[in-house]
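Novice: I have a structure I would like to understand better, so I am pasting it below and will then ask my questions one at a time.
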Amino acid sequence: MDRKQCCVKLSVEPSRGLVDEKFTVLVQNVSPGSQLTVHALHRCEDQYTWEAFAHYIANASGTVNVSEDLSLGGTYSGVEPMGLLWSLRPVPGSKPGLRMRKVKVQTPMEIRISVYQGHQTEGFTAQVPLAGVLVERWYMAPGVQRVLITEGGLTATLFLPSGPGPFPGLLDLWGGEGKLVEYRAALLASHGFASLALDYLTPKITLETGKMVDNTYFETAFRVLQQHPLVLGSRIGMMGLSLGASFTLKMAIYSKVVKLRCVVCINGSHVQPVNGSVDEMLEFCTRNAEKTRFNEENQVIWRDLLLPIPTDPALKVDVGQLQCPVMLVVAEDDQNWPANESAQDMKEMMEQAGNSHLLTILSYPNAGHLIEPPYTPHFRATVFKTVNQHQKVMALWGGDTVPHSRAQEDAWRKTLAFLRENLYGSTNTAAASVSV
């Protein structure tokens, strides 16, 4: 290493920001033409470690700008400003099937960005970097409030945006693994929506009674959100991923209580027993369990459980009755849920009913089931614990890393615009600042 390399400068701007905010990584004061590896390291709350890295060559001024320069290899290649995040993967030797999910949203994700001499591929922790910077990525913007909700037997968390309010509201439902998942609702609140994360599969009331909740549970959640003094009760939307999308559609169409301004369904389906609730939906899937497939790696493929799309009106939500705008986010390589086939059938149903003007479909080739906020790593298959059978399997979600990452970024941007238009009434961002 020459003397100049001892004075390497590494900067990341902003070093503190929201998880969906881009940053710029700049390496300066290195020898022109030198080979460098830029490395990202993150230790999750479950103590598993993830890394990403890319190979660069410094330009004539001794600089590497990750936002503009070409990666020649590593966990991603090409010009990828946020590749150090979306290409994160478990370090070698980690157990298979890991998934990175933030649990304690009151604290940031901490990522150590470092630069090493040469084009390295392993053994980073045993080497001394030329320079390093600790980066904070937050789901909660400054001023966002986190409020635990137990009213009405709910297991939920309400995130209130910064500012005096009142704010539009959003019910946020996740999928079939249960638990109270807060990070998306926290991020939505950081963009100006009072967001209620709801556990409907494993809430306290179910753990105590052994009984699944019925549809009134979702109606109670809506009322709690609607009646909150900082929420605009006439401007509430609902978002669901996977199984959560099933109940989002059902509530939007059949509930006499839940009156929504808009709906977002991420890789979901309208196929379900129309007159049933959570228990009946899970039983419906269990009855079709013989349609389960396994790939050559023994990963579970569940997408066929709801196929073929039924013609029986008792087995699919009548989206022709929808009276509010709906956005369907569809991953075309979803191996867990028949999102693509369901979206096409919903489109046909709405065209026949004359309400297709309310429908927006975002469809993404080679994207998988778990479409999350931008720069979340792609998980093609992870360990999944079924709620009704309590067994762990390796679930195949599908997708390829680069197109999936593109889909997450595009879908999030368009989802926020859709929510602003329908809940705020304009495309103006009456939202919290994205800088932390």
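Novice: Inspect the range 367-382 for any residue being over 12 Å from Trp86 (Cβ atoms), out of contact with any Phe, Trp or Tyr (no Cβ under 9 Å at 6 or more places or on another chain) and surrounded by fewer than 19 Cβ atoms within 10 Å (Cβ to Cβ) and give the result as yes or no.
Specialist: Going through the range 367-382, the residues over 12 Å from Trp86 (Cβ atoms) turn out to be 367-371, 380-382.
Applying the additional criterion that residues be out of contact with any Phe, Trp or Tyr (no Cβ under 9 Å at 6 or more places or on another chain) yields 367.
When the remaining residues are screened for being surrounded by fewer than 19 Cβ atoms within 10 Å (Cβ to Cβ), the result is none.
For the range 367-382, residues over 12 Å from Trp86 (Cβ atoms), out of contact with any Phe, Trp or Tyr (no Cβ under 9 Å at 6 or more places or on another chain) and surrounded by fewer than 19 Cβ atoms within 10 Å (Cβ to Cβ): absent.
Novice: Among the residues of the range 389-405, count how many are in contact with a helix residue (DSSP H, G or I) (Cβ under 8 Å, 6 or more places away or on another chain) and surrounded by fewer than 16 Cβ atoms within 10 Å (Cβ to Cβ).
Specialist: The total comes to 1.
Novice: Can I ask one more? Could you tell me whether the range 337-354 includes any residue that is assigned to a loop (DSSP other than H, G, I, E, B) and within 28 Å of Asn288 (Cα to Cα)?
Specialist: Within the range 337-354, the subset assigned to a loop (DSSP other than H, G, I, E, B) is 337-338, 354.
Add one more test, that the residue is within 28 Å of Asn288 (Cα to Cα), and what stays is 337-338.
Within the range 337-354 (the criterion being assigned to a loop (DSSP other than H, G, I, E, B) and within 28 Å of Asn288 (Cα to Cα)), the answer is yes, since at least one residue qualifies.
Novice: Give me a count of the residues in the range 92-122 that are assigned to a loop (DSSP other than H, G, I, E, B), open to solvent by less than 40 Å² (accessible area, probe 1.4 Å) and not polar (S, T, N, Q).
Specialist: Number satisfying all stated conditions: 7.
Novice: Right, something else. Among the residues of the range 208-224, how many are surrounded by fewer than 18 Cβ atoms within 10 Å (Cβ to Cβ) and within 14 Å of Asn388 (Cβ to Cβ)?
Specialist: Result for the range 208-224: 2.
Novice: Do the conditions hold for Glu296, that is, is it over 19 Å from Leu370 (Cα atoms), without any contact (Cβ under 8 Å) to a residue 12 or more places away in the chain and part of a helix (DSSP H, G or I)? Give the steps one after another, and end with the answer.
Specialist: On the way: over 19 Å from Leu370 (Cα atoms): yes; without any contact (Cβ under 8 Å) to a residue 12 or more places away in the chain: yes; part of a helix (DSSP H, G or I): no.
Taking the combined requirement at face value, the residue does not satisfy it.
Novice: Let me ask something else about it. Name the single residue, out of those in the range 371-400 being assigned to a strand (DSSP E or B) and of a type in the set (A, V, I, L, M), that is farthest from the chain's Cα centre (by Cα).
Specialist: Narrowing the range 371-400 to residues assigned to a strand (DSSP E or B): 381-385, 392-396.
Within this subset, residues satisfying the condition of being of a type in the set (A, V, I, L, M) are 381, 383, 393-396.
Working: Ala381: 15, Val383: 17, Val393: 21, Met394: 19, Ala395: 17, Leu396: 16 Å.
Ranking the candidates gives Val393 first.
Novice: Condition check: β-branched (Val, Ile, Thr) and in contact with a Gly (Cβ under 7 Å, 6 or more places away or on another chain). Does Val383 satisfy that?
Specialist: Yes: the conditions hold for Val383.
Novice: Tally up the residues in the range 132-168 that are open to solvent by less than 20 Å² (accessible area, probe 1.4 Å) and more than 24 Å from Arg101 (Cα to Cα), please.
Specialist: 2
Novice: Sort out for me the helices (runs of 4 or more DSSP H) sitting completely within the range 185-292 that have 3 or more residues that are touching a Cys at 6+ places or on another chain (Cβ under 8 Å) and in contact (Cβ under 8 Å) with a residue 12 or more places away in the chain.
Specialist: Numbers: elements: 204-209, 215-226, 243-254, 278-287.
Fully inside the range 185-292 and qualifying: 243-254.
Novice: Continuing with this model, one more query. Could you check Ser342 against (1) open to solvent by less than 10 Å² (accessible area, probe 1.4 Å); (2) in contact (Cβ under 8 Å) with a residue 40 or more places away in the chain; (3) closer than 22 Å to Arg89 by Cβ and say which number it fails?
Specialist: Going through the list (1) open to solvent by less than 10 Å² (accessible area, probe 1.4 Å); (2) in contact (Cβ under 8 Å) with a residue 40 or more places away in the chain; (3) closer than 22 Å to Arg89 by Cβ, Ser342 breaks only (3).
Novice: Among the residues of the range 73-101, write down those that are farther than 26 Å from Ala367 by Cβ and either under 19 Å from the mean Cα position of the chain (by Cα) or in contact (Cβ under 8 Å) with a residue 24 or more places away in the chain (or both). Steps first, answer last, please.
Specialist: Keep residues of the range 73-101 that are farther than 26 Å from Ala367 by Cβ, which gives 92-93.
The answer is Pro92, and nothing else.
Novice: Of everything in the range 5-37, what is in a helix (DSSP H, G or I) and open to solvent by 60 Å² or more (accessible area, probe 1.4 Å)? Give them in sequence order. First the steps, then the outcome.
Specialist: Residues of the range 5-37 in a helix (DSSP H, G or I): 5-7.
Those that are in a helix (DSSP H, G or I) and open to solvent by 60 Å² or more (accessible area, probe 1.4 Å): Cys6, Cys7.
Novice: Checking Asp410 against (1) more than 19 Å from Gly244 (Cα to Cα); (2) in a strand (DSSP E or B), only one condition comes out false. Which one?
Specialist: Condition (2) is where Asp410 drops out.
Novice: Restricting to the range 252-267, give me the number of residues that are under 19 Å from Thr360 (Cβ atoms) and open to solvent by less than 10 Å² (accessible area, probe 1.4 Å). Talk me through it step by step, then tell me what you get.
Specialist: If we filter the range 252-267 for residues that are under 19 Å from Thr360 (Cβ atoms), which is where we start, we get 252-253, 260-267.
Keeping just the survivors that are open to solvent by less than 10 Å² (accessible area, probe 1.4 Å) gives 262-265, 267.
Count: 5.
Novice: Considering (1) touching a Pro at 6+ places or on another chain (Cβ under 7 Å); (2) open to solvent by less than 10 Å² (accessible area, probe 1.4 Å); (3) assigned to a strand (DSSP E or B), say which one Gly62 fails and leave the rest.
Specialist: (3)
The values are calculated or read from the model by the stated rules, or taken from the named source; none is laboratory data. None of the values given here were measured: they were computed from a predicted structure. Reconstructed Cβ throughout: ideal geometry from the backbone, glycine too, with neighbour counts over all protein chains shown. Heavy atoms of the whole protein, side chains included, go into the accessibility calculation; ligands, DNA and RNA do not. Shrake-Rupley method; radii C 1.70, N 1.55, O 1.52, S 1.80 Å.
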